[in-house]
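Trainee: One structure, as structure tokens, below. Some questions next.
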Amino acid sequence: MITLAYAYIVVGFFFASISILSLIDRANPRRARTALFWALLATSFWAGQFLGDLGNGLLALALVALAAIGLGQGKPPTTTPEQRRESAERRGNLLFLPALIIPAVALGGTLAVQYTDWGPVIIQEQHKTLVSLVIGVLIAVTVLMIWLRPPVLAPLQEGRRLMDSVGWAALLPQMLASLGAVFLAAGVGDQVGRIFAEYIPMLDTKTVAVAAYCIGMALFTIIMGNAFAAFPVMTAAVGLPFVIIACGGDPARVCAIGMLAGFCGTLMTPMAANFNVVPANLLELPDRKAALNGVIRAQIPTALPLLIANIVLMRLLAFP
Amino acid sequence: MLVLLGIGVVVFGFIVRANPLLVVMAAALTTGLAAAWTPAADITTMTNAARDTLATFGKAFNDSRYISLTWVLLVAIGLLERAGLQERARITIANVKAATVGRLLWVYLLIRQGTSALGLTSLGGHPQMVRPLVAPMAEGAAEAKFGALPDRERYLIRSHAAATDNIGLFFGEDIFIAIASILLIKGFLEGYDIIVEPFELSVWAIPTAIAALAIHSLRLWLLDRHLTRTLSKAPTAEAAQ
């Protein structure tokens, strides 16, 4: 049976190759540091379960330290813009097709495990989607290697090119999830929940609880600049105790829509620099330094009705 | 109340633009230490609290490795980019024969939301698509119709080009099962012994995606109306000055 442990080995191999290829890339001004960063991540994927809790904590601390002093970007060999344009002209819209393999296999694998007898024999039931996803990536890469015939190292070098451009930000969601665990252990959600319960009447009725959770997600995202950071706090404070436990909401539906309510907040905050400040600079807007620049002002009239739509949708759909 | 200091650290960190990973780690340690602090606490208690916090963080970091598992997707996407996937997307968009700003941005919204839902989030984006392609095309569509643009309308159109990219991305990507936010939700709920499948979560992103499409389509229609109203009269107004 293919389990998540095998998927971790594959992904660990990916990070380990990035590390080695970075180390031998003289074009990367900080190649030792970059190589060490990805090597630590590969270690986590290969051997995290043997390191112990404190060991993993120290590993995370080392990753943070390396990210804080700064990683470098290498220059992996790739095609020129002219070659790409030529290939795009020649191959046409067929190029979009291999991209569909990954979601198709991920979905197909998930459904096979759920609805067939042979599915659970091949794929670990508990992690069916993630395992299917990694299988999908391997199939897509095989198809692309046969079709495009690039150099043997091309998939790893192209992966490194993109990974280098993402950099340490690649770990932010995982780090925020871990911060959520520390918040949980320290009772941060309970405290925020107590504040909510104190100031908002009838928080145990469905409509009020749903509205408080969605608006809280949006507001907290505006403050923190990131729905990922707001989600663990607001869900532990209001989503879980009130919408899910007290009112009987379905966890998957409440959380899925709650996260999207947070995204409405992302549209309205200058703290979300990547999405709202970077484009204002790129497009040379005259008000790019203002708190509410042109991009944010163009987004608010969509974000507010959509926040209301999320409240209505959660109220209607989350209590089956 | 002291444990809320961690949230303050996050906000402060984002304001001073410190490295977000550093901010997260600092917030975790602050929270752990604040939870353990009493007026009677000595150095040993606080050192132990810091060590325990780091262990709690480490356990969660190890348990949520699957959130970073999705980066392996980049191997396939990188290969496709090597063969000109982005150039192909550009050609496809450039072939859109939409007469107005609103309609052009609407077609881009559909493409951006649709490809994000398939996990192809890197096809769009401000440096890759909006600045070199979508914004100039939108400005071009307006110029073809109304002549030279006043600065106000030019910047309004550019802002809308960026906004459309963000909205298409945000409310499309959660339909894909392996996007970080979906896995973050899964990991969070697992901490409370609630097991959900990424698939269940992504299905419930669809109603909001439809609402976002409807609302933003209306906005783009209104943008066209606004531009027509403001710019059709503009030449006469300028001539009168």
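Trainee: Assigned to a helix (DSSP H, G or I), at the interface with chain B (Cβ under 7 Å from one of its Cβ atoms) and not aliphatic (A, V, I, L, M): does that describe A:Arg85?
Mentor: Yes.
Trainee: Give A:Ile139, A:Ile135 a once-over and let me know the one that is under 17 Å from B:Tyr66 (Cβ atoms), assigned to a helix (DSSP H, G or I) and at pLDDT 90 or above.
Mentor: Within the list A:Ile139, A:Ile135, the selection yields A:Ile135.
Results for (1) surrounded by fewer than 23 Cβ atoms within 10 Å (Cβ to Cβ); (2) not assigned by TED's automatic domain parsing to the domain that holds B:Ser181, shown as yes or no for each residue.
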| residue | (1), (2) |
| --- | --- |
| B:Gly6 | no, yes |
| B:Ile15 | yes, yes |
| B:Ala26 | yes, yes |
| B:Gly32 | no, yes |
| B:Ala36 | yes, yes |
| B:Thr47 | yes, yes |
| B:Gly58 | no, yes |
| B:Ile77 | no, no |
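Trainee: For region A:282-313, how many residues are more than 8 Å from every other protein chain (Cβ to nearest Cβ) and touching a Pro at 6+ places or on another chain (Cβ under 6 Å)?
Mentor: 1
Trainee: If you don't mind, there's one more thing I want to ask. Only one residue in A:Ala42, A:Ala62 is surrounded by fewer than 17 Cβ atoms within 10 Å (Cβ to Cβ), closer than 30 Å to B:Ala50 by Cβ and modelled with pLDDT of 95 or more, so which one is that?
Mentor: A:Ala62
Trainee: Something else about it: Please work out which residue is nearest to A:Leu61 (Cα to Cα), limiting yourself to region A:144-155 and to residues that are surrounded by fewer than 20 Cβ atoms within 10 Å (Cβ to Cβ) and within 7 Å of chain B (Cβ to nearest Cβ).
Mentor: Checking each candidate, the answer is A:Pro150.
Trainee: Could you list, in sequence order, the residues of region A:38-77 that are in contact (Cβ under 8 Å) with a residue 24 or more places away in the chain and more than 19 Å from B:Asp63 (Cα to Cα)?
Mentor: A:Leu66, A:Ala67, A:Ile69, A:Gly70, A:Leu71, A:Gly72, A:Gln73, A:Gly74, A:Lys75, A:Pro76, A:Pro77, listed by residue number.
Trainee: So if I check each of A:Thr205, A:Thr235, A:Thr221, which one is at pLDDT 90 or above, touching a Ser or Thr at 6+ places or on another chain (Cβ under 6 Å) and of a type in the set (Ser, Thr, Tyr)?
Mentor: A:Thr221
Trainee: I've got another one for you. Among the residues that make up region A:10-21, is at least one of them away from chain B (no Cβ under 11 Å) and in contact (Cβ under 8 Å) with a residue 24 or more places away in the chain?
Mentor: Among the residues of region A:10-21, at least one is away from chain B (no Cβ under 11 Å) and in contact (Cβ under 8 Å) with a residue 24 or more places away in the chain, which makes the answer yes.
Trainee: For residues in region B:41-58 being touching a helix residue (DSSP H, G or I) at 6+ places or on another chain (Cβ under 8 Å) and of a type in the set (Ser, Thr, Tyr), which is farthest from the other protein chains (Cβ to nearest Cβ)?
Mentor: B:Thr45
Trainee: How do the helices (runs of 4 or more DSSP H) wholly within region A:239-320 filter down when requiring 2 or more residues that are polar (S, T, N, Q): which remain?
Mentor: It comes to A:273-276, A:294-317.
Trainee: Something else now. Considering every residue within region B:79-87, establish whether at least one is part of a helix (DSSP H, G or I), more than 28 Å from A:Leu133 (Cβ to Cβ), facing chain A (nearest Cβ under 7 Å) and of a type in the set (A, V, I, L, M).
Mentor: No: zero hits.
Trainee: Please work out which one of (1) at the interface with chain B (Cβ under 9 Å from one of its Cβ atoms); (2) of a type outside the set (A, V, I, L, M, F, W, C); (3) assigned to a helix (DSSP H, G or I); (4) at negative phi is the condition A:Gly92 fails and give its number.
Mentor: Checking A:Gly92 against (1) at the interface with chain B (Cβ under 9 Å from one of its Cβ atoms); (2) of a type outside the set (A, V, I, L, M, F, W, C); (3) assigned to a helix (DSSP H, G or I); (4) at negative phi, the one that fails is (4).
Trainee: Take A:Ala169 and tell me if it is out of contact with any strand residue (DSSP E or B) (no Cβ under 7 Å at 6 or more places or on another chain), surrounded by fewer than 21 Cβ atoms within 10 Å (Cβ to Cβ) and within 29 Å of A:Leu59 (Cβ to Cβ).
Mentor: It is true that A:Ala169 is out of contact with any strand residue (DSSP E or B) (no Cβ under 7 Å at 6 or more places or on another chain), surrounded by fewer than 21 Cβ atoms within 10 Å (Cβ to Cβ) and within 29 Å of A:Leu59 (Cβ to Cβ).
Trainee: Which members of region A:254-281 meet the condition of being buried (at least 24 other Cβ atoms within 10 Å of the Cβ) and more than 8 Å from chain B (Cβ to nearest Cβ)?
Mentor: Across region A:254-281, the qualifying residues are A:Val254, A:Gly258, A:Ala261, A:Gly262, A:Cys264, A:Gly265, A:Thr269.
Trainee: Checking the condition free of Cβ contacts under 8 Å to residues at least 40 places away in the same chain and not polar (S, T, N, Q), which residue from A:Ala237, A:Ala177, A:Ala169 passes?
Mentor: None of the other options fit; the residue is A:Ala169.
Trainee: A follow-up question, please. Considering only region A:174-190, how many residues are more than 7 Å from chain B (Cβ to nearest Cβ) and either touching a Pro at 6+ places or on another chain (Cβ under 6 Å) or of a type in the set (D, E, K, R) (or both)?
Mentor: Count: 1.
Trainee: Would you pick out the residues in region A:156-173 that are within 7 Å of chain B (Cβ to nearest Cβ) and over 22 Å from A:Leu138 (Cβ atoms)?
Mentor: Correct list: A:Trp168, A:Leu171, A:Leu172, A:Pro173.
Trainee: Looking at (1) over 20 Å from the mean Cα position of the chain (by Cα); (2) under 20 Å from A:Leu156 (Cα atoms), find the lone condition where A:Ala47 falls short.
Mentor: Condition (2) is where A:Ala47 drops out.
Trainee: Please go through region A:175-230 and give me each residue that is under 16 Å from B:Ser181 (Cα atoms) and basic (Lys, Arg), ordered by number.
Mentor: The answer is none; no residue qualifies.
Trainee: Ok, one more. Quick one: which residue in B:Leu105, B:Leu120, B:Leu183 is over 30 Å from A:Pro251 (Cα atoms) and touching a helix residue (DSSP H, G or I) at 6+ places or on another chain (Cβ under 7 Å)?
Mentor: Answer to the check: B:Leu105.
Trainee: Another question about this same structure. Among what's in region B:140-182 and is among the acidic types (Asp, Glu) and touching a residue at least 24 places away in the same chain (Cβ under 8 Å), pick the residue that is surrounded by the fewest Cβ atoms within 10 Å (Cβ to Cβ).
Mentor: Per the stated criteria, the residue is B:Glu153.
Trainee: Let me ask something else about it. Only one of these conditions is not met by A:Thr80: (1) facing chain B (nearest Cβ under 10 Å); (2) polar (S, T, N, Q); (3) farther than 23 Å from A:Ala169 by Cα; (4) without any contact (Cβ under 8 Å) to a residue 40 or more places away in the chain. Which number is it?
Mentor: So A:Thr80 meets the others, but not (1).
Trainee: Sticking with this one: Could you tell me whether region A:60-69 includes any residue that is within 21 Å of the chain's Cα centre (by Cα) and under 14 Å from B:Val72 (Cβ atoms)?
Mentor: Within region A:60-69 (the criterion being within 21 Å of the chain's Cα centre (by Cα) and under 14 Å from B:Val72 (Cβ atoms)), the answer is no, since none of the residues qualifies.
The values are calculated or read from the model by the stated rules, or taken from the named source; none is laboratory data. Just so we're clear, the structure is a prediction, and the values are computed from it rather than from any experiment. We place every Cβ from the backbone using ideal geometry, glycine too, and count neighbours over all the protein chains shown.
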